[in-house]
Amino acid sequence: MSTHNQDVSLECEVAVVGGGVMGSSAAHYLAEAGRDTVLIDQFPLPHSRGSSGGHTRITRLANYGHPALTAIMKDSFDQWLQLEHQSGVRLFRPAPLLAVGLNSSENSAPALDNVKASIHASGGTPEALDVATTNQRFRTSFPSNYKAVVDPSAGVLMADKCLKALQNLFINNGGRVLDGWPVTSIIPGKTVELRGPKGRVRAQAVVLCPGPWAGTLLDSLGVQLPVRTEKIGVYYWKVRDSKTPAFTFIDLSRPENHFYALPDYEYPGYMKVCYHAGPQTDPDERDKVDMSAIQRKAEEYVKNFFPCLEPKPSVVESCMYTVTPDESFVLDRHPLHHNLVFGAGFSGTGFKIAPACGKALARMAMGLQPQLDFSPFGFSRFNRSKL
Ligand SMILES: Cc1cc2nc3c(=O)[nH]c(=O)nc-3n(C[C@H](O)[C@H](O)[C@H](O)COP(=O)(O)OP(=O)(O)OC[C@H]3O[C@@H](n4cnc5c(N)ncnc54)[C@H](O)[C@@H]3O)c2cc1C
């Protein structure tokens, strides 16, 4: 239902604001549970203005974040495979993850140890590699103070297909989509009223997954989420060494080296290598910021460590992260209005965990507890509210 010029007046059990991967996942699980649900997005779907656009994302068991994520990542990993089965569309393509860090005398050794422990905890078998084997197998050129761990279960989620699969399953279960409809105000109550430029949607519960717009939307409800929107440069590099295997990659050596890479599953013959941070931007004016320093940094990195690639990117795209101060997401209820729940601030790592997060949000909107432990990701850790 695309409604650009029509007046809207809808009633439903649950409204989900945000048609990115989080909102689409929550909407899917709500419709699957038999709830009359409307999925709302400000732009006509699909679009590339948020954080879920593009073709590929890394998924893996290896966890280098909060320990509670190990179970959330494992559960999501299994649910993506289940969604693949349900939708009949190939959503996951295997590609082992190469995680590199500095060797034991330097500060990233614990990060690699955590990676190994989380793979074990998820039932996988990590492989520890010395730098010579790493460089030979992956056609890289890391120096001798590096070491590596391989997560053989990792791979690539075909992001646009994942989004479409979630939305199709939602619609097949009776869900309604209202796109091209920005929610301009939210009036809390036993029945929540969402107002747009034309008309209104009334719901018994609302799930908010507004991505880069989370700061503004939640602030209007008295919830001051300390999030920052960053523009991320997405760079594709032509593969010049035909022996380069298909692999995913993350550098945990130092914050300034926090690059990641994906194989050429998106554009054949081009690997994606990106820096995991970018300049702050307004989500409504994303492309006003200057990306030249980030691109230079990426070129330097590829020149130093990826001799298998040409040293200049052939294709440049962009996307946005919504980053919290501790780079962990927030998944919670509104402190006063418990029929308003929200998931935001996924800090550039949310795609892989969208099934578990969406299911948790769906359960919370139905008045149930999440099945997994999301307590470390509550809003109260930032202790900010105008309420
Ligand atoms: C370049 C890049 C690479 C990434 N790589 C990975 C990776 O390898 N692995 C991984 O797990 N994650 C990765 N991520 C992160 C992941 O993609 C995001 O965490 C995830 O997509 C966030 O989804 P979302 O639904 O929260 O936000 P979005 O996709 O931004 O969705 C929010 C939606 O809300 C809508 N909206 C906002 N306000 C309103 C309003 N007022 N009314 C109506 N609609 C509204 C927006 O239009 C938008 O469609 C990457 C992100 C980027 C940008």
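Between residue 310 and residue 256, full extension at 0.36 nm per residue minus the direct alpha carbon distance yields a gain of 17.3 nm. With 23 Å as the limit on Cα-Cα distance, the pairs of 238/297; 272/303; 116/161; 243/303; 272/312 that go past it are 116/161. The distance between label points at residue 242 and residue 200 comes to 6.7 nm (points 7 Å beyond Cα on the Cα→Cβ vector).
The alpha carbons of the stretch 177-274 occupy a box of 60, 31, 20 Å along the principal axes, longest dimension given first. Counting only DSSP beta bridges with both residues in the chain, the antiparallel share comes to about 70 percent. Summing Cβ point charges (Lys, Arg +1; Asp, Glu -1) relative to the Cα centre of the chain gives a dipole of roughly 140 debye. The Cα trace of the chain gives Rg and Dmax of 20.8, 65 Å, the first to one decimal, the second as a whole number.
Compared with the dominant principal axis of the Cα atoms in the chain, helix 354-365 is inclined by about 20°.
Work out how much length residue 93 to residue 296 would gain on full extension: take 0.36 nm times their residue separation and subtract the Cα-Cα distance, in nm to one decimal.
Roughly 70.0 nm would be gained on extension.
Between helix 69-87 and the chain there is an angle of about 70 degrees, using the helix long axis and the longest principal axis of the Cα atoms. Each helix, a run of at least 4 DSSP H residues, gives -39500 (n - 2.57); summed and divided by the residues of the chain, these come to -8000 deg cm²/dmol at 222 nm. Relative to the longest principal axis of the Cα atoms of the chain, the long axis of helix 159-172 lies at roughly 30 degrees.
With R₀ set to 35 Å, the beta-carbon distance separating residue 144 from residue 333 gives a calculated FRET efficiency near 0.10.
Extending 7 Å from the Cα toward the beta-carbon at both residue 111 and residue 288 defines two label points whose distance is 3.3 nm. What longest range of the chain stays clear of loop-exposed GluC sites (Glu not before Pro) (DSSP non-H/G/I/E/B, at most 16 other C-beta within 10 angstrom)? In short, 107-326.
Stretched out fully, how many nm does the piece from residue 375 to residue 267 gain, at 0.36 nm a residue minus the Cα gap?
Working it through step by step, the gained length comes to 35.0 nm.
Using the Cβ atoms and a cut-off under 15 Å, what net charge is assigned to the surroundings of residue 117, where Lys and Arg are +1 and Asp and Glu are -1?
Neighbourhood net charge equals 0.
Just so you know, all these numbers are worked out from the coordinates, no wet-lab data involved. This one's a predicted model, so the numbers in the text were calculated from it and none came from an experiment. Cβ coordinates were reconstructed from backbone atoms using ideal geometry, including for glycine residues, and neighbour counts include every protein chain displayed.
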